[in-house]
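Chemist: Here it is, the structure in full.
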């Protein structure tokens, strides 16, 4: 059986934080919890963000996504710790199972794989549930699992609420994985150009602060 040192495990966990705990490539920056929607056919986006994680660790992440056919979105993410050179790469397919509704709920799902430098590839799945309301905003629920090691699979989960206030969209969320304390976060996003978004979030996990600043370019 492969054993992982505590130091290496902490670095891997931080990079998973950079990728949103592999709940998926983040769907609505700066949310970590994913929604059940996908891009329209022929449309995509590229997200990039900087993360300051627990104990001051830092990483950069870039995450493109594109929808080649209806109800399917292909995505990837690369997170890198510039101090250690450790990298985490994930690729995934996201499916919209039921139609999106402006006032109502729909289902989605994610299948993917993730690999960190010096480790083996691990699969993950995520069930997505989104409910939209014209006045109250949107509620997103995630429930999934991740192959943590060759012999262990852990559960992942998340819950988020977001609402637009004029040009700003605010959110609060809580997410985590089995056997670990949850992360609580809140953030804002706004478009600084018609297809360019600026966003940020602050959070807390196990007594440690988490900060992200990022952008999202839509095409």
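The values are calculated or read from the model by the stated rules, or taken from the named source; none is laboratory data. Because the structure is predicted, anything quoted here is derived from the model rather than measured. Neighbour counts are summed over all protein chains in view; Cβ atoms, including those assigned to glycine, are modelled from backbone coordinates with ideal geometry.
Chemist: Look through the range 43-81, keep the residues that are part of a loop (DSSP other than H, G, I, E, B) and in contact with a strand residue (DSSP E or B) (Cβ under 7 Å, 6 or more places away or on another chain), and return whichever of them is surrounded by the fewest Cβ atoms within 10 Å (Cβ to Cβ).
Modeler: Per the criteria, the residue is 43.
Chemist: Got a number for residues in the range 149-160 being surrounded by fewer than 18 Cβ atoms within 10 Å (Cβ to Cβ) and touching a residue at least 24 places away in the same chain (Cβ under 8 Å)?
Modeler: Total satisfying the criteria: 5.
Chemist: Might you let me know whether the range 168-177 holds any residue that is within 19 Å of residue 79 (Cα to Cα) and touching a helix residue (DSSP H, G or I) at 6+ places or on another chain (Cβ under 8 Å)?
Modeler: For the range 168-177, residues within 19 Å of residue 79 (Cα to Cα) and touching a helix residue (DSSP H, G or I) at 6+ places or on another chain (Cβ under 8 Å): absent.
Chemist: Then there is this: Working only within the range 106-121, note down all residues that are in contact with a helix residue (DSSP H, G or I) (Cβ under 8 Å, 6 or more places away or on another chain), in a loop (DSSP other than H, G, I, E, B) and surrounded by 13 or more Cβ atoms within 10 Å (Cβ to Cβ).
Modeler: 119
Chemist: Quickly run through the range 33-89 and pick out the residues that are over 18 Å from the mean Cα position of the chain (by Cα) and under 24 Å from residue 162 (Cβ atoms).
Modeler: Selection gives 40, 43, 71.
Chemist: From 163, 153, which residue is touching a strand residue (DSSP E or B) at 6+ places or on another chain (Cβ under 8 Å) and closer than 25 Å to residue 43 by Cβ?
Modeler: Criteria check complete, one pass: 163.
Chemist: Could you please find all residues in the range 178-196 being in contact (Cβ under 8 Å) with a residue 12 or more places away in the chain, outside any loop (DSSP other than H, G, I, E, B) and more than 17 Å from residue 51 (Cβ to Cβ)?
Modeler: 190, 191, 196
Chemist: Run down 142, 103, 126 and say which single residue is surrounded by fewer than 16 Cβ atoms within 10 Å (Cβ to Cβ), touching a residue at least 12 places away in the same chain (Cβ under 8 Å) and either under 22 Å from residue 172 (Cα atoms) or out of contact with any strand residue (DSSP E or B) (no Cβ under 9 Å at 6 or more places or on another chain) (or both).
Modeler: Exactly one residue qualifies, and that residue is 103.
Each row is one residue, and each column tells you yes or no for (1) within 18 Å of the chain's Cα centre (by Cα); (2) at pLDDT 95 or above.
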| position | (1), (2) |
| --- | --- |
| 153 | no, no |
| 156 | yes, no |
| 160 | yes, yes |
| 166 | no, yes |
| 175 | yes, no |
| 179 | no, no |
| 183 | yes, no |
| 188 | yes, yes |
| 195 | no, yes |
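Chemist: Could you say whether any residue in the range 180-189 is in contact with a helix residue (DSSP H, G or I) (Cβ under 8 Å, 6 or more places away or on another chain) and surrounded by 15 or more Cβ atoms within 10 Å (Cβ to Cβ)?
Modeler: Scanning the range 180-189 turns up at least one residue that is in contact with a helix residue (DSSP H, G or I) (Cβ under 8 Å, 6 or more places away or on another chain) and surrounded by 15 or more Cβ atoms within 10 Å (Cβ to Cβ).
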